[in-house]
Amino acid sequence: MIGIGIIGYGYWGPNLVRNFFETPDCTVVSVSDLSRDRLAKIGPRYPTVETTTDYRDLLRDPRVDAVVVATPVSTHFKLGMEALQAGKHVLIEKPMTCDATEAQRLVDEADLRKRILAVDHTFVYTPAVRKIKDLVTKGDLGDIYYYDSVRVNLGLFQHDVNVIWDLAVHDLSIMDFILPAQPVAVSATGISHVPGEPENMAYMTMYFDSRVMAHVHVNWLAPVKVRRTLIGGSRKMVVYDDLEPSEKIKVYDKGITVNGDHAGNGNGNGNGNARYQMMVGYRTGDVWSPQLDITTEALSLELRHFVGCIQNNTTPLVDGHAGLRVVRLLEAATESMRHSGRPVDLAANRCTV
Ligand SMILES: NC(=O)c1ccc[n+]([C@@H]2O[C@H](COP(=O)([O-])OP(=O)(O)OC[C@H]3O[C@@H](n4cnc5c(N)ncnc54)[C@H](O)[C@@H]3O)[C@@H](O)[C@H]2O)c1
């Protein structure tokens, strides 16, 4: 039986406690929050769970094997590091840390102490994202050409992080899981419409060594909620709409065929349009929507996986390295925004022009 301690019982913490309660082979030992009012809500619902305002009680408790950090991002590094140093396995909320140096130090500490370090990129555990990964891996989409997502709504304005750290983190975690290659550079533009507050809308473009391009558009100031991703491949294309109740994924057998005979035929007769039509042919086939098992909450699947990784000493699907890669992208995008969208080289995390 794996003993769980949870730090942070604000908005997300209760979802973690509820789902751990339904997870086999584990028991929630204790929950910590700075607010006594929040902790007071635990007793009536979960009488066996202990509560404390001092998170160090969890770290000292030998019944706690794993600690979940569900506090604001500015505290993730300190709490995650102390938990690892106390010999606990750690599941840390997204985004993993405020900067890549901190994320790297957590990865190193977990390696050194041979502890499981997982990051809560919840979307990776949704059946929709797992299905897209499966389609990409099996080659059903062909060569991936682009990843293009929109995540906008009239959202809660955050004061400590910009919209990229709040919303794009989801898209970047999905992209990191699905695409076979890592971006090499990123450029981002964004703007704040509230003086003195972080950017509330932003556009991120990611460049790869191959012919892949990725774009993420996020906005807290949109009149409608949109959660839509297009993934274009040489054979098929996917539309993933997370707001669709059941048919979240549609796979389109659509694309183009380029006639190689004419591709380089610059005969100079001035008939550019006719030549273009000869070069590019359009293919439209069936559209299908794969059946997804949406009966189990993604967070529940994730927590079962986390407990299984501890029991079997296996690497989580979203480990510290995945958390670090996403933080690097967020950091580089924020750096690019400061320089009006100049591309930032991800290897060096420097503006390239
Ligand atoms: N995976 C997801 O889909 C998802 C969704 C929402 C939030 N989150 C993440 O969860 C984390 C928390 O977000 P939230 O919306 O619940 O924030 P929140 O502000 O509602 O709650 C954070 C809680 O942490 C407590 N806290 C802060 N420092 C503490 C400490 N030292 N010891 C004990 N308790 C402490 C606060 O008192 C507060 O109750 C963030 O990293 C956020 O990005 C993830």
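The values are calculated or read from the model by the stated rules, or taken from the named source; none is laboratory data. Quick caveat: nothing in here was measured; it's all calculated off a predicted structure. Positions of Cβ are backbone-derived with ideal geometry, glycine not excepted, and every protein chain shown enters the neighbour counts. Just the protein is used for accessible areas: all its heavy atoms, side chains included, with ligands, DNA and RNA removed. Shrake-Rupley method; radii C 1.70, N 1.55, O 1.52, S 1.80 Å.
Assorted remarks:
- Listed residues VAL73, MET237, CYS26: farthest to the positive end of the dipole of the chain (Cβ charges): MET237
- What a 1.4 Å probe finds exposed on the chain is 51% carbon and sulfur by accessible area, rounded to a whole percent.
- P(r) tail for region 107-251: Cα pairs beyond 26 Å make up 31% of the total.
- Highest-MSF residue in the chain out of LEU303, LEU39, LEU117 [GNM, Cα springs under 10 Å]: LEU39
- Each peptide in 9-15, 236-242 gets a packing score, the mean of other Cβ atoms within 10 Å over its residues, and the list from highest to lowest is 236-242, 9-15.
- Taking each DSSP H run with n ≥ 4 as -39500 (n - 2.57) and averaging over every residue of the chain yields -9500 deg cm²/dmol at 222 nm.
- The accessible area of ARG151, taken with all protein chains in place and a 1.4 Å probe, comes to roughly 10 Å².
- Charge dipole (the chain, unit charges on Cβ, about Cα centre) - positive-most of GLY320, VAL184, PRO95: VAL184
- In the context of the full set of protein chains, residues of region 111-204 present 41 Å² of accessible surface per residue (probe radius 1.4 Å, heavy atoms only).
- LYS248 - accessible surface, heavy atoms, 1.4 Å probe, Å² rounded to 10: 40
- About the centre of its Cα atoms, region 56-142 shows a dipole size close to 220 debye [charges on the beta carbon of Lys, Arg (+1) and Asp, Glu (-1) only; nearest 20 debye].
- Solvent-accessible area per residue in region 279-343 equals 51 Å², computed with a 1.4 angstrom probe and all protein chains kept.
- The calculated FRET efficiency for ASP108 paired with VAL224, based on their beta-carbon distance and R0 = 51 Å, is about 0.75.
- Take every DSSP beta bridge whose two residues both sit in the chain; close to 60 percent of them are antiparallel.
- Cα gyration tensor shape for the chain, rounded if a/c is under 1.5, else prolate or oblate: prolate
- Cβ-based charge dipole, the chain, positive-most Cα from ILE4, VAL218, GLY139: GLY139
- A Gaussian network model of the chain, with springs between Cα atoms under 10 Å, assigns the largest mean-square fluctuation among VAL258, VAL29, VAL49 to VAL258.
- Of the residues GLY285, GLY320, GLY308, the one that moves most in a GNM of the chain with alpha-carbon contacts below 10 Å is GLY285.
- Dipole in debye (nearest 20) - the chain, about Cα centre, beta carbon charges: Lys, Arg +1; Asp, Glu -1: 380
- When the C-alpha to C-alpha distance is required to be over 26 Å, the pairs from LYS41/LYS225; LYS138/LYS254; LYS94/LYS138; LYS78/LYS114 that qualify are LYS41/LYS225; LYS94/LYS138.
- Label sites at ARG338 and HIS193, each approximated as a point 7 angstrom past Cα along Cα to Cβ, lie 2.6 nm apart.
- For region 1-158, the Cβ-based charge dipole about the Cα centre amounts to some 280 debye (Lys, Arg positive; Asp, Glu negative; other atoms uncharged).
- From the largest down, region 209-258 spans 40, 29, 16 angstrom on the principal axes of its Cα atoms.
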